[in-house]
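Colleague: Here you go, one structure.
The values are calculated or read from the model by the stated rules, or taken from the named source; none is laboratory data. Just so it is clear, the structure is predicted and the values come from calculations on it, not from any experiment. Virtual Cβ from ideal backbone geometry, glycine too; neighbours counted across all protein chains shown. For the accessible areas, the whole protein counts, side chains as well, though only heavy atoms, and no ligand, DNA or RNA atoms are used. Shrake-Rupley method; radii C 1.70, N 1.55, O 1.52, S 1.80 Å.
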Amino acid sequence: MNAEAQLIGPDVGRLARLLQFADSTLPVGAFSFSQGLESAVQLNIVTDAASLKDYLTLILRQAAYMDGVALLHACRAAARGDYDALLEADSALWIRRVGEEQQMMLARMGKKFAELATAIAPSPLLSRWLDDIRSGATPGCLPVAQAIVLDSLGAHEADAFTVHQYGLASMILNAALRLMRIDHVATQRLLFEAQGSTRDHYRVVRSLELEEMSSFAPVFEVVVAHHTKTHLRLFMN
C-alpha cells in the first residue's frame, strides 16, 4: 500500500457511493410503505417508543431471515456472473413473501431501484435484469436488485446486507414520524440502536441456503392481513 493509500484509508469513493444507495431519501418509493406499522398503530400493538423498538426489532430479524438470505445468495450469484442463480433467488423470495401488499412492495421498489441505478451506474447485468422485470420474466424483488447494483460497485456481501437492513429500519421509522407522536430524536436513537443487531443477523444468516428462508412472525402476519382490509390508510402496506 502506498503512502497516499495509507493516509486516505479504504476506497472512500466506493464507500460514498454505497452510502448514496443506503440513503433513506433514495427515490425508490420507500415513503409509500410502512412494513405493517400503520396497522400495528391502529391495533394498538405499537403505542410508544418502547413498543416501536420491539416492532422494529421483530421486522429487522424477520427480514434478515427472508430478504437477507435472498440478498446474500444474489450477491454471490452476481459476483460469479450466474444469472440463473439470480433468478432462483428472486423467485425463492417472491413465493415466500405472503400477501399481495408485501409482494407489491418488493416488486415496485425493486423495479424503481433498478431503474435508478441503470440511470446513474449502468452495467450489462443490471440492464438484463431490468429488461426481464419489464417483460415479466422475473418479479424483480428489491433485495436482488440491491445485490446486483452493490456488487457492481465493489461492495462486499456484508455491505449489501447492511444497506438493506438500514433501508428497512429507515422506512419504518420515517413512517412512524407520520403515524405516531414521536420526534426525530427518538427515531434516530432507535435507528442507531437497531444497527447494533446487523452484524449478529449477518453472522447467523450468511450460511443459510435459499430453502432455509423462514418468516415466522405471527404479529407481523396479523398486521399485514389487517392492513389489506383497511379502507382508510396512508401507506400501501
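Colleague: Of the residues that sit in the stretch 10-23 and are touching a residue at least 60 places away in the same chain (Cβ under 8 Å) and over 12 Å from the mean Cα position of the chain (by Cα), which one is most open to solvent (accessible area, probe 1.4 Å)?
Modeller: Initial filter on the stretch 10-23 (touching a residue at least 60 places away in the same chain (Cβ under 8 Å)): 11, 14, 17-18, 21-22.
Retained after the next criterion (residues that are over 12 Å from the mean Cα position of the chain (by Cα)): 11, 14, 17-18.
Numbers: Asp11: 93, Arg14: 70, Arg17: 147, Leu18: 13 Å².
Only one residue fits best here, namely Arg17.
Colleague: Give me a count of the residues in the stretch 217-237 that are within 18 Å of the chain's Cα centre (by Cα) and either open to solvent by less than 60 Å² (accessible area, probe 1.4 Å) or without any contact (Cβ under 8 Å) to a residue 12 or more places away in the chain (or both).
Modeller: 5
Colleague: Still on this structure, I have one more. Does Leu52 satisfy the condition of being among the aliphatic types (A, V, I, L, M), within 17 Å of the chain's Cα centre (by Cα) and at negative phi?
Modeller: Details: among the aliphatic types (A, V, I, L, M): yes; within 17 Å of the chain's Cα centre (by Cα): no; at negative phi: yes.
It is false that Leu52 is among the aliphatic types (A, V, I, L, M), within 17 Å of the chain's Cα centre (by Cα) and at negative phi.
Colleague: Right, here's the next one. Given Ala114, Ala155, Ala160, which one is buried (at least 21 other Cβ atoms within 10 Å of the Cβ), of a type outside the set (Ser, Thr, Tyr) and farther than 26 Å from Glu212 by Cβ?
Modeller: On the way: Ala155 fails: farther than 26 Å from Glu212 by Cβ; Ala160 fails: farther than 26 Å from Glu212 by Cβ.
Of the residues listed, the single one that is buried (at least 21 other Cβ atoms within 10 Å of the Cβ), of a type outside the set (Ser, Thr, Tyr) and farther than 26 Å from Glu212 by Cβ is Ala114.
Colleague: Additional query: Taking Ala176, is it buried (at least 16 other Cβ atoms within 10 Å of the Cβ) and under 15 Å from the mean Cα position of the chain (by Cα)? Show your work before the answer.
Modeller: Details: buried (at least 16 other Cβ atoms within 10 Å of the Cβ): yes; under 15 Å from the mean Cα position of the chain (by Cα): no.
For Ala176, the condition - buried (at least 16 other Cβ atoms within 10 Å of the Cβ) and under 15 Å from the mean Cα position of the chain (by Cα) - is not met.
Colleague: A further question on this structure: Within the stretch 183-190, identify whether any single residue is of a type in the set (Ser, Thr, Tyr) and under 16 Å from the mean Cα position of the chain (by Cα), and answer yes or no.
Modeller: Within the stretch 183-190, the first condition is being of a type in the set (Ser, Thr, Tyr), and the residues that meet it are 187.
With the extra rule that they be under 16 Å from the mean Cα position of the chain (by Cα), the set shrinks to none.
No, every residue in the stretch 183-190 fails to be of a type in the set (Ser, Thr, Tyr) and under 16 Å from the mean Cα position of the chain (by Cα).
Colleague: Still on this model: Return the residues of the stretch 24-34 that are over 18 Å from Ala186 (Cβ atoms), open to solvent by less than 70 Å² (accessible area, probe 1.4 Å) and in a loop (DSSP other than H, G, I, E, B); say none if nothing qualifies. Before the answer, list the steps.
Modeller: If we filter the stretch 24-34 for residues that are over 18 Å from Ala186 (Cβ atoms), which is where we start, we get 25-33.
With open to solvent by less than 70 Å² (accessible area, probe 1.4 Å) added as a condition, the list becomes 26, 28-30, 32-33.
Once the filter is applied, which keeps residues that are over 18 Å from Ala186 (Cβ atoms), open to solvent by less than 70 Å² (accessible area, probe 1.4 Å) and in a loop (DSSP other than H, G, I, E, B), the stretch 24-34 yields Leu26, Val28, Gly29, Phe33.
Colleague: Restricting to the stretch 51-81, what's the tally of residues that are under 23 Å from Arg128 (Cα atoms) and open to solvent by 50 Å² or more (accessible area, probe 1.4 Å)? Can you show your working first?
Modeller: Looking only at the stretch 51-81, we keep the residues that are under 23 Å from Arg128 (Cα atoms), and these are 67-81.
Adding the requirement that they be open to solvent by 50 Å² or more (accessible area, probe 1.4 Å) leaves 76, 79-81.
Number satisfying all stated conditions: 4.
Colleague: Also, I was wondering about something else. So Arg189 clears everything in (1) buried (at least 21 other Cβ atoms within 10 Å of the Cβ); (2) modelled with pLDDT of 95 or more except one condition, right? Which one?
Modeller: The failed condition is (1).
Colleague: Could you list all residues from the stretch 82-102 that are crowded, with 22+ Cβ neighbours inside 10 Å and at pLDDT 95 or above?
Modeller: Across the stretch 82-102, the qualifying residues are Leu86, Ala89, Asp90, Leu93.
Colleague: Suppose the filter is small (Gly, Ala, Ser) and either in a helix (DSSP H, G or I) or modelled with pLDDT under 95 (or both); does Gly154 pass it?
Modeller: So Gly154 passes the test.
Colleague: While we're looking at this one, here's another question. Does Ser214 count as open to solvent by 30 Å² or more (accessible area, probe 1.4 Å), in contact (Cβ under 8 Å) with a residue 12 or more places away in the chain and either in contact with a strand residue (DSSP E or B) (Cβ under 8 Å, 6 or more places away or on another chain) or among the small types (Gly, Ala, Ser) (or both)?
Modeller: Details: open to solvent by 30 Å² or more (accessible area, probe 1.4 Å): yes; in contact (Cβ under 8 Å) with a residue 12 or more places away in the chain: yes; either in contact with a strand residue (DSSP E or B) (Cβ under 8 Å, 6 or more places away or on another chain) or among the small types (Gly, Ala, Ser) (or both): yes.
So Ser214 passes the test.
Colleague: Let me ask another. Residues being of a type outside the set (A, V, I, L, M), in a helix (DSSP H, G or I) and surrounded by fewer than 15 Cβ atoms within 10 Å (Cβ to Cβ): count how many of those fall in the stretch 117-140. Spell out how you get there, then give the answer.
Modeller: As a first pass, look at the stretch 117-140 and keep what is of a type outside the set (A, V, I, L, M): 118, 122-124, 127-129, 131-132, 134-136, 138-140.
Then keep just the ones that are in a helix (DSSP H, G or I); that gives 118, 124, 127-129, 131-132, 134-135.
From the residues that got through so far, the ones that are surrounded by fewer than 15 Cβ atoms within 10 Å (Cβ to Cβ) too are 124, 127-128, 131, 134-135.
Qualifying residue count for the region: 6.
Colleague: Oh, and also: Give the stretch 196-211 a look and list any residue that's in contact with a helix residue (DSSP H, G or I) (Cβ under 7 Å, 6 or more places away or on another chain) and either surrounded by fewer than 10 Cβ atoms within 10 Å (Cβ to Cβ) or in a helix (DSSP H, G or I) (or both), or say none.
Modeller: Scanning the stretch 196-211 gives Ser197, Thr198, His201, Tyr202, Val205, Leu210.
Colleague: Exactly one of these conditions fails for Met171: (1) assigned to a helix (DSSP H, G or I); (2) farther than 16 Å from Val41 by Cβ. Give me its number.
Modeller: Of the numbered conditions (1) assigned to a helix (DSSP H, G or I); (2) farther than 16 Å from Val41 by Cβ, the odd one out for Met171 is (2).
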